[in-house]
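Following: one structure in structure tokens, then a few remarks.
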Amino acid sequence: MGGVEDETEPSRKRIRLSHEVLRDLANGLSIVGSNPDFSGDLMARSLPIKGDEEIVGSKGVIKRVEFVRIITQALYSLGYENSGARLQEESGVSLQSSVVNLLIQQVLNGKWNESLATLKSIGLLDESIIKSASFLILEQKYFELLDDDKVMDALKTLRMEITPLSINNARVREISWSILFPVKFVHVDSSNFSTTRAKSRAKLLAELQKLLPPHVMIPDRRLEHLVEQALILQRDTCMFHNSEDNVMSLYKDHQCGRDQIPSRTLQVLEAHNDEVWFLQFSHDGKCLASASNDRTTIIWEVDSHGDLSVKHKLSGHQKPVSSMSWSPDDSQILTCGVEENVRRWDASSGECLHVYEKAGYGFVSCAWFPDGKSMCLGVNDKSICMWDLEGKELQCWKGQRILKISDLQVMNDGKQIISTCRESSILLLDVEAKVERLIEEDQAITSFSLSRDNRFLLVNLLNQEIHLWNIEGEVKLVAKYKGHKRTCFLIRSCFGGLEEAFIASGSEDSQVYIWHRGSGELIQALPGHSGVVNCVAWNPANSHMLASASDDHTIRIWGLNDLKMKHKGPANHCNGVHYCNRKTDRGETWL
Amino acid sequence: MDADPRHYEHVLLGNDEIHSVVLSYLVHNCFGETVESFTSCTGLKLPANCLEDMEKRKRIFHFAIEGKALKAIEMTEELSRDLLEKNTDLHFELLSLHYVDLVSSRKCTEALEFAQSKLAPFGKVEKYVKKLEDFMALLAYEEPEKSPMFHLLSLEYRQHVADSLNRAILVHVNLSSHSAMERLIQQTAVVRQCLNQEQGKDALSSFSLQDFLKS
């Protein structure tokens, strides 16, 4: 490349420079730091670049003409009309053919007959498209005439112009109704009238554009659509996307880092005296309930810093607590002892409000109905029953085999009950319609979990796989997750994270496993517990908080690695320090 | 397998019964002259005004069949003020006959005006909307006979309306809406069908009047 530094032979160098610059221009390089006079000169002449490639972009899939046209369209839609016009001039590529421009003008000005003629003069259109487009234009003409109270003219248009097209008889029938009962727009004043008319004509144009082949009339906002498509694709493939405030930028491909996934133990909660079996966050994410082999349930409160502390310890069961359920408004909680009774507690006072028993039987699981006025209980006589809060039995479904520790869920609409039934199937019972659906697996099912939107079910199997089922309509298997260990104990998994994009599970190797739901890839295996991790729960209100319960009597709260942004507060909240034994930090004592 | 004709002998019929069946048929279909000769031959007595009523009904019926619906309506209203009020379906159909007449005579403007004044009120009632849509759509075609709704212009439709009108008037004067003959034939067919269902498909063939008459 010729440099400007050599001043010894200015004239020769200058000429050479100009050739090189021209060549560089032709290759698409911009002029950087070269002779200002020359560059200005070159710009002013705006020479059509020779050797214009048909294809742009490194992958060889973008056609230059199409690219320029959608950019021009984008310029116009942004309001940069001068730039749009200039680009058409400079590139030699026009946005629409002049015929199409004429058509657009005629439609917007209500020149119906002329627009029909123009329509026919656009070559490249087949007969049926011309007819459909003419139909639309004439329909507009018809309705505008009716709007102007020109009923006989409208009738004439209908008879002489619309019907003879012999397409869409059903629509002809529909619009004939308007001859008798014209739908009128309420025009407050004349300015309102013209805007409604303009809007309706613009709408017609949009409909026409859908009919015409895209190269004749480019679909509106094409460039925006393509860019959005790319962004959404990036977001969907981003495996660690777990944060609302990661705004997407066009400058670089969206890629969240692993740091968006909870992977660090923030707290170790030691308040149970035995294995912790079950965890569930309240719907508002402000409390966590944990149930244990020590026959108690503890309600923990999540404070504004994301730290948990014991709010209440609920004791009373004589058997270990195997299942619990938060009421829809989070004010109460049901706990179920293994083959024992069910207790209802007030979550804010910790008081036991009711003990439910069924003489001669024991309960194995419990779930609230979404109206908060009744509950669904699994009984160890293989039936499921529905009781009101006073203890009265409202309904009973017999004949399903409920296992000893079995899961029970009620869907948000209160119409479907999901329960494990027989070793390797799950029953979805529609209470009203009395319709049953079954999810059949080849392996024994140990537990399941329902997604928040009730469209998916996560099923844990004996063979160490977790299966994701779509339960809308026909049940179908959608994905499988593997990697964790499960040989003899009951392990639970859950949905979680932003828009439930992740699956988490406990494991017999004492780790917490996290997968990306969409791709099925294992993202994290988190060590920390010293015993089997029985259950995990992801905070529904905080996509960065995950809780895990283990045989080592503790519950761990997991959060993001980098907490600099989140914490402002007491000095002991600093990064990189693992928490253990909060009781020593805060000086509180546990029973 | 048909019913054994010997079984018929067990059914006793009196002449009077048969005569009244024939008479009800004749009256129903307004065969005035035939009724007169029949009654004189058999000695049956006709109720008062029967012949005059029949004559009126006959004229109304013919107006309807010819599509002269307005005349038919006028005469019906003379006969009974509220008959059409009480039978809105019938009223609608009679009005539509006139409308269809205008449409087939290509009198579009008149047809539209008639629709706007007389048919439009029916459009507010849900059950007439679909039918009214059909009628309005006729206006969209320069050749309504070639439209999907061509059946509305047909003789069958006019007959259907005329029939309904006839039956409504009969009911109004406390006669039966169906002649005895009709009812008997209908009953036979239904009974045959029921027996078929009970005994299995090929036990008895469906009743066919033609076949019966030939046998």
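Quick notes on this one:
- Matching residues in segment A:346-374 - criterion: being more than 32 Å from the chain's Cα centre (by Cα) and assigned to a strand (DSSP E or B): A:346, A:352, A:353, A:354, A:355, A:356, A:358, A:361, A:363, A:364
- As a summary of the residue check, residue B:147 satisfies the conditions (1) modelled with pLDDT under 90; (2) surrounded by fewer than 20 Cβ atoms within 10 Å (Cβ to Cβ) except for the one numbered (2).
- Meets criteria (over 25 Å from residue A:196 (Cα atoms), more than 10 Å from chain B (Cβ to nearest Cβ) and not basic (Lys, Arg)) for residue A:134: no
- Against the conditions (1) over 23 Å from residue A:414 (Cα atoms); (2) surrounded by fewer than 19 Cβ atoms within 10 Å (Cβ to Cβ); (3) free of Cβ contacts under 8 Å to residues at least 40 places away in the same chain, residue A:354 satisfies every one except (1).
- Check on residue A:167, of a type in the set (A, V, I, L, M, F, W, C), within 14 Å of chain B (Cβ to nearest Cβ) and either over 23 Å from the mean Cα position of the chain (by Cα) or surrounded by 11 or more Cβ atoms within 10 Å (Cβ to Cβ) (or both): yes
- Taken together, the criteria exclude residue A:218 from residues that are within 14 Å of chain B (Cβ to nearest Cβ) and in a loop (DSSP other than H, G, I, E, B).
- Residue list for segment B:132-180, restricted to those being under 20 Å from residue B:73 (Cα atoms) and within 14 Å of another protein chain (Cβ to nearest Cβ): B:132, B:135, B:152
- Each residue in segment A:141-164 was checked for being at the interface with chain B (Cβ under 7 Å from one of its Cβ atoms) and of a type in the set (D, E, K, R), and 1 pass.
- Taking the listed residues A:441, A:423, A:508, the one that is of a type outside the set (A, V, I, L, M, F, W, C) and free of Cβ contacts under 8 Å to residues at least 24 places away in the same chain is A:423, with no other qualifying.
- Residue A:100 satisfies every condition listed in (1) surrounded by fewer than 17 Cβ atoms within 10 Å (Cβ to Cβ); (2) more than 35 Å from the chain's Cα centre (by Cα); (3) β-branched (Val, Ile, Thr) except (1).
- Test: residue in segment A:37-48 that is more than 30 Å from residue A:204 (Cβ to Cβ), part of a helix (DSSP H, G or I), at pLDDT 90 or above and out of contact with any helix residue (DSSP H, G or I) (no Cβ under 6 Å at 6 or more places or on another chain): no
- Hits in segment A:494-516 - residues which are part of a loop (DSSP other than H, G, I, E, B) and surrounded by 24 or more Cβ atoms within 10 Å (Cβ to Cβ): A:497, A:506, A:507
- The criterion of at least 1 residues that are of a type in the set (Ser, Thr, Tyr) is met, among strands (runs of 3 or more DSSP E) falling completely within segment A:375-488, by A:416-421, A:425-430, A:445-450, A:476-482.
- Single residue of segment B:105-118 satisfying the filter (within 11 Å of another protein chain (Cβ to nearest Cβ) and under 14 Å from residue B:143 (Cβ atoms)) that is surrounded by the most Cβ atoms within 10 Å (Cβ to Cβ): B:108
- Criterion: touching a Ser or Thr at 6+ places or on another chain (Cβ under 7 Å), buried (at least 23 other Cβ atoms within 10 Å of the Cβ), in a strand (DSSP E or B) and among the aliphatic types (A, V, I, L, M) - qualifying residue of A:537, A:549: A:549
- Qualifying residue in segment A:131-151 (condition: touching a helix residue (DSSP H, G or I) at 6+ places or on another chain (Cβ under 8 Å) and free of Cβ contacts under 8 Å to residues at least 12 places away in the same chain): no
- Given (1) aromatic (Phe, Trp, Tyr); (2) surrounded by fewer than 17 Cβ atoms within 10 Å (Cβ to Cβ); (3) away from chain A (no Cβ under 14 Å), number of the condition residue B:207 does not satisfy: (2)
- In this entry, residue B:92 passes the filter for residues that are closer than 24 Å to residue B:79 by Cβ, of a type in the set (Phe, Trp, Tyr) and surrounded by 18 or more Cβ atoms within 10 Å (Cβ to Cβ).
- Hey, residue B:90 at pLDDT 90 or above, part of a helix (DSSP H, G or I), out of contact with any His (no Cβ under 7 Å at 6 or more places or on another chain) and within 12 Å of another protein chain (Cβ to nearest Cβ) or not: no
- Failed condition for residue A:174, given (1) under 23 Å from residue B:122 (Cβ atoms); (2) more than 14 Å from every other protein chain (Cβ to nearest Cβ): (2)
- Helices (runs of 4 or more DSSP H) completely within segment B:97-191 that count 2 or more residues being more than 16 Å from the chain's Cα centre (by Cα) and within 30 Å of residue A:179 (Cα to Cα): B:108-114, B:126-138
For (1) charged (D, E, K, R); (2) in contact (Cβ under 8 Å) with a residue 40 or more places away in the chain; (3) in contact with a Pro (Cβ under 8 Å, 6 or more places away or on another chain), each residue gets a yes or a no:
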position: A:70; (1), (2), (3): no, yes, no
position: A:102; (1), (2), (3): no, no, no
position: A:108; (1), (2), (3): no, yes, no
position: A:111; (1), (2), (3): yes, no, no
position: A:114; (1), (2), (3): yes, no, no
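- Where residue B:20 falls short, out of the listed (1) modelled with pLDDT of 90 or more; (2) of a type outside the set (Asp, Glu); (3) within 23 Å of the chain's Cα centre (by Cα): (1)
- For segment B:119-130, taking the residues that are surrounded by fewer than 21 Cβ atoms within 10 Å (Cβ to Cβ) and touching a helix residue (DSSP H, G or I) at 6+ places or on another chain (Cβ under 7 Å), the one that is farthest from residue A:153 (Cα to Cα) is identified as B:128.
- Check on residue B:102, touching a residue at least 40 places away in the same chain (Cβ under 8 Å), away from every other protein chain (no Cβ under 11 Å) and either more than 25 Å from residue A:161 (Cβ to Cβ) or in contact with a helix residue (DSSP H, G or I) (Cβ under 8 Å, 6 or more places away or on another chain) (or both): no
The values are calculated or read from the model by the stated rules, or taken from the named source; none is laboratory data. Given the structure is predicted, the values throughout are model-derived calculations rather than measurements. Note that we place each Cβ from the backbone using ideal geometry, even for glycine, and neighbour counts take in every protein chain shown.
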